[in-house]
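The values are calculated or read from the model by the stated rules, or taken from the named source; none is laboratory data. Just so you know, these numbers come straight off a predicted model, no measurement behind them. Ideal geometry is used to build each Cβ from the backbone, glycine not excepted, and the neighbour counts take in all protein chains shown. Each accessible area value is taken on the protein alone, full model and side chains, heavy atoms only, with ligands, DNA and RNA left out. Shrake-Rupley method; radii C 1.70, N 1.55, O 1.52, S 1.80 Å.
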Amino acid sequence: MPQDARTETLVIIGSGPAAWTAAVYAARANLDPLVIEGEPSRDMIPGGQLMYTTDIENFPGFPEAIDGQDLMRRMKEQAERFGTRTIMENVSSVDFTTYPFVLRPSYSDEIRAKSVIVATGARANWLGLDNEIRLAHSGGGVSACAVCDGALPAFRGKTLAVVGGGDTAMEEANYLTKFAGEVVIIHRRDSFRASRIMAERTLANPKIRVEWNTQVADVLGDDFITGLRLKDTVTGEERDMEVGGLFVAIGHTPNTQFLQGSLDLTPSGYVVAPHAWRTATSVDGVFAAGDVMDDYYRQAITAAGTGCMAALEAERWMAHHGVSEAEPPVLETAESSIGHPEEQMA
Ligand code: FAD
């Protein structure tokens, strides 16, 4: 690393609602944050998951709904208004064993940071069919989030398909019965992988039926979904089924590959936040916010909320450790630095 390389006070990795909210709070607290936004690829774009959706009806403050890309542009502008700096690259690896921490972007020189917020989100898993991805990205009735999209007028009273067989698929199917005429779960096996209680509740719901041993071979429709081409996984036979919406519920993949071995992760790859109602991670001075540490709520507003928490926690951590001074602090363990901020600063 060049000797004269600048050491950043706070680097925020990511560019969804968690990252921009953290940046707004950090910039207003004079922490001069640098946001490393990520770079465009087939399944991830700067701005996060909301870049793939149109009408957002459940983010407070927008009674008339707001377009996903518009919301993310506004969040970024708000962070930049207070002086947030940005780089549109991925962080490809990190070294949290040294302090200041080291972050390696894909193209630029290494960046040193006194504190880090990881807000890299998660990717919804898709089936990988061309028409599925096209209609998901164009607001054509294909979604990966029933809570987000189920209540949209386009889905009301329709036959809606849910693909999957785990707890998430059961939850999505049950939720959709509030709006749909009928919900059809399409599952490639002859039994669910979901917990027994969730499966029983789902099978007892009169508005839900299951197509067992069936997979989606294609999604039909030009501008909006009209049906599915289904394939029997036992006989190989194909047939078409009319549907007014498709909800893919086959899990999410957290964007934590670049953190492997550096932070404690759950078996599914989510960042572990060891303390309830805190965003501190297994490494002192590194915080996490949004879907990358939350496999339960996965909403824009909860991501924004934890982004706010992470910025406040980072600020208090730095104040507590005197990090803004030239000398690097003597770090305590994550365990010892947790507590009420007023206790920390006493
Ligand atoms: P994300 O939005 O996932 O953003 C993370 C970003 O970080 C990535 O896009 C990428 O640019 C960047 N990144 C990733 N890895 C790296 C790296 N190594 N280096 C640098 N940058 C990186 N929620 C709602 O509340 N309402 C809705 O109506 C709604 N609709 C949705 C519709 C769809 C189709 C989807 C997929 C999700 C929807 N959600 C909705 C959920 C919501 O989008 C997420 O909960 C929210 O975006 C999570 O925000 P986040 O900040 O944690 O991360």
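Counting protein heavy atoms only, the chain has 49 percent of its accessible area on carbon and sulfur, 1.4 angstrom probe. For the range 76-97 and the range 106-155, what is the centre-to-centre distance using only Cα atoms, to the nearest Å? So the separation of the two Cα centres works out to 19 Å. Taking the three principal axes of the alpha carbon atoms in the range 126-248, the coordinate ranges are 37, 35, 21 Å, sorted in descending order. Taking every DSSP bridge with both residues inside the range 1-146, close to 45 percent are antiparallel. Model label sites at GLN260 and ILE197, defined 7 Å from Cα along the beta-carbon direction, differ in position by 3.5 nm. By the Cβ distance rule (another cysteine Cβ under 4.7 Å), the unpaired cysteines of the chain are CYS308. For the chain, the spread of Cα coordinates along the three principal axes comes to 68, 38, 36 Å, biggest extent given first.
Averaged over its residues, the chain has an accessible area of 47 Å² per residue, based on protein heavy atoms and a 1.4 Å probe.
Amide H contacts of THR159 (H built 1.01 Å from N, in plane; Pro and chain starts excluded): GLY181, GLU182, GLY244 sit under 5 Å, all sequence-distant by 5 or more or on other chains. Only helices reaching 30 angstrom along their own axis (Cα) with mean Kyte-Doolittle hydropathy no lower than 0.0 count here, and for the DSSP H runs of the chain these are 300-321.
Using C-alpha positions alone, give me the convex hull volume of the range 154-193 per residue in cubic angstrom.
It comes to 57 Å³ per residue, whole-number rounded.
In this structure, the amide hydrogen of ASN213, modeled 1.01 Å from its nitrogen in the peptide plane, lies closer than 5 angstrom to those of HIS187, ARG189, ASP190, counting only residues at least 5 positions away or on a different chain.
Short to long, the 10 Å bins of the Cα pair-distance histogram for the range 57-146 hold 12, 28, 31, 23, 5 percent of all pairs. DSSP beta bridges confined to the chain are antiparallel in about 45 percent of cases.
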